[in-house]
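I have placed the structure first, in the form of structure tokens, so that the comments after it can refer back to it.
The values are calculated or read from the model by the stated rules, or taken from the named source; none is laboratory data. Everything numeric in this text was worked out from a predicted model, so none of it was measured. Cβ coordinates were reconstructed from backbone atoms using ideal geometry, including for glycine residues, and neighbour counts include every protein chain displayed. For accessibility, only protein heavy atoms count, side chains too; no ligands or nucleic acids. Shrake-Rupley method; radii C 1.70, N 1.55, O 1.52, S 1.80 Å.
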Amino acid sequence: MHKIVLGLLVVFALMACNIPQKSQDNKVDVEASQSTDKMEWWRNDRFGMFIHFGLYSQCEGYWKDESIGGIGEWIFKHAKIPVDEYKELANTFTCENMDVDAWAKLAKESGMKYVVITTKHHDGFALFHSKVNDFNVVDATPYSKDIIAEFVEACRKYDLKIGFYYSQYQDWSYQGAGGNNWDKPYAWSKEGFKNYMDEKALPQVRELLTNYGKIDMIWFDTPGKMKKEESEAFLNLAKDVQPKIIVSGRVGNDVGDYVQMEDNDLPKRRPDFDWEAPVTMNHTWAYKRDDHHWKSAGYMLWQLTYSAAMGGNYLLNIGPKGDGSVPQESVNRLKVIGDWMKVNSEVIYEADPSPFVNAFNWGGITHKGNKLYLNITDWPKRQLSIFGLQNKVNKAYFLASGDAVETSREGEYLVLALPDEAPDRNATVVVLEIEGEPIVNQALVQKLDGQIILESELAENTTGRMTHFGSVKKWMKPKGKLAWDFEVTQAGKFKVEVITTGFKRMAWPEKPALWDGGHKVKIVVDEQEIKGEVDKDRTEKAPHDLYNDFKVAEMGTVTIKEAGRHHLELVAETIVNSNKAGLAVRMVRLVPSK
């Protein structure tokens, strides 16, 4: 990876303040993952396909003619289906319209470099021929062929790296395994879980990593109550059988090679570890016929380019129907993404992340050597400004057409003059050719329009609570504070707003987010103090957040008399948690006031 030169020493303090936190189930041994080159292909490729397919796909979100809420692959649990009844789904699993070769070809044509498939999800059903448990596609279904063998062959045909998803803790159809809390004989028990590991889970992982040749990664999930030695058993088995395999962080208990972000979540600040965002095209992973909440291709291109800019990988899901066919809505969107990648793939493959640790509201930056790629997904009005790029810009142009882009300087802002309409309404790339490697000022700085945006993920956070989709998660007790240092370029009077969002349970995406208001807080800006109530004075559409809106609380005004470095703190005095959401601060915003 190219060396990034940092413009100010203050960046080290800022980076230490609050990188996106990892849950206890999702930490990794960063030094171990960075000490080997086995991660190189993964860091270079950036873009993968996730496939959720199984018996649950036949249900399409319904059980006995009743629509079941929640994500499709969890219908077994959400509908509390008795295990014996659920297993009968295997009798109708014919996959009559399935074409695994077409799945792989779709991934290739969409610009994806690796594919991860659910070999066994939480329901316990295996898409491969397992000799240790007969609840599998060969022994239990009329299809009777090994889908994973077909998948591996197709991936190799199209030169795609191969990943296996395996649910190592939850298995709702095996007595004693994790996750089944409705069919009593199958409830978790200490002895039962040990038996599950010894008799099914570990032997099946060994089968997967022994019977199909070289496998590039294994994607574990939901470690739940697993102890560290249990997580290590899966990790060690995988590496014993396939020494260069990449093991996901959701194997649990601080082990694994990289971090998986929470489903559909992206960081607001560039992390300093390897990470991946697993993302759905609509609300669900497995197919549900009533889920029409399809994200646009443009939105997904924002997620892809943003992930690359933040140094992460983007794993985009498809959920084939019960007959194995891919929904046309998915195909259509992947066609748009594939066409874009044919023109712009250099901004993704083998590209280094943004030299800036903080995000931009218009998109993201990747770079190679002296080329910065500005991936603009939210088209600004006539101009785009970047604070802190110290290098001279020798040339600026649109990647697709080669047409020149005019640049100028306003203090520490680089300003690009842009046309009224985006050349590509989904994502337009502007290339900056600069002198030397990027040198940047990493300060959290006022926008050129005068606003000061202080995101919770960028704060020095002493509340003891981590962030969830950008907001402080379950801040229930008034202890600790959020604090920011920031640079002001335009002094003056500012309205102070506190923005909160709700707490979303991603297993039930259609349910409204939990939210609490009525909190009492104190805000200190340098020596000025404001006390007020955080409630909902108005709502705003949250940019790039499909599950929440912004609840804006107007707190009062402050005056910042001079440009330079300033400090703001938010301290909770009383917190309301009647809806079990607490004080979910997303940001503090200072807006110029006349």
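If you take the residues in the range 270-305 that are of a type in the set (A, V, I, L, M) and either part of a helix (DSSP H, G or I) or closer than 27 Å to residue 425 by Cβ (or both), which one is farthest from the chain's Cα centre (by Cα)?
It comes out as 297.
So, residue 347, is that one open to solvent by less than 40 Å² (accessible area, probe 1.4 Å), in contact (Cβ under 8 Å) with a residue 12 or more places away in the chain and closer than 30 Å to residue 59 by Cα or not?
Details: open to solvent by less than 40 Å² (accessible area, probe 1.4 Å): yes; in contact (Cβ under 8 Å) with a residue 12 or more places away in the chain: yes; closer than 30 Å to residue 59 by Cα: no.
Considered against the rule, which asks whether it is open to solvent by less than 40 Å² (accessible area, probe 1.4 Å), in contact (Cβ under 8 Å) with a residue 12 or more places away in the chain and closer than 30 Å to residue 59 by Cα, residue 347 comes out as no.
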Residue list for the range 494-505, restricted to those being modelled with pLDDT of 95 or more and open to solvent by 10 Å² or more (accessible area, probe 1.4 Å): 495
Residue 108 being more than 25 Å from residue 250 (Cα to Cα), surrounded by fewer than 17 Cβ atoms within 10 Å (Cβ to Cβ) and of a type outside the set (S, T, N, Q): no
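Output the number of residues of the range 469-493 satisfying the condition of being open to solvent by 10 Å² or more (accessible area, probe 1.4 Å) and either more than 28 Å from residue 562 (Cβ to Cβ) or not in a loop (DSSP other than H, G, I, E, B) (or both).
Within the range 469-493, the first condition is being open to solvent by 10 Å² or more (accessible area, probe 1.4 Å), and the residues that meet it are 469, 473-474, 476-481, 485, 487, 489-493.
This time we only want the ones that are either more than 28 Å from residue 562 (Cβ to Cβ) or not in a loop (DSSP other than H, G, I, E, B) (or both), so: 469, 473-474, 476-481, 485, 487, 492-493.
Count: 13.
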Any chance residue 85 is closer than 30 Å to residue 458 by Cα, modelled with pLDDT of 95 or more, among the acidic types (Asp, Glu) and open to solvent by 50 Å² or more (accessible area, probe 1.4 Å): no
Tabulated pairs, the range 253-268, first touching a residue at least 24 places away in the same chain (Cβ under 8 Å) and in a loop (DSSP other than H, G, I, E, B), second open to solvent by less than 40 Å² (accessible area, probe 1.4 Å) and polar (S, T, N, Q), C-beta under 6 angstrom, 6+ apart or interchain: 253/231; 255/231; 256/248; 257/33
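Out of all the residues in the range 427-454, which are acidic (Asp, Glu) and modelled with pLDDT of 95 or more? Spell out the reasoning first.
Our first condition is that a residue be acidic (Asp, Glu); within the range 427-454, this holds for 433, 435, 437, 449.
Correct list: 433, 435.
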Given (1) open to solvent by 10 Å² or more (accessible area, probe 1.4 Å); (2) modelled with pLDDT of 95 or more, index of the condition residue 572 fails: (1)
Qualifying residue in the range 104-115 (condition: aliphatic (A, V, I, L, M), under 27 Å from residue 48 (Cα atoms) and assigned to a loop (DSSP other than H, G, I, E, B)): yes
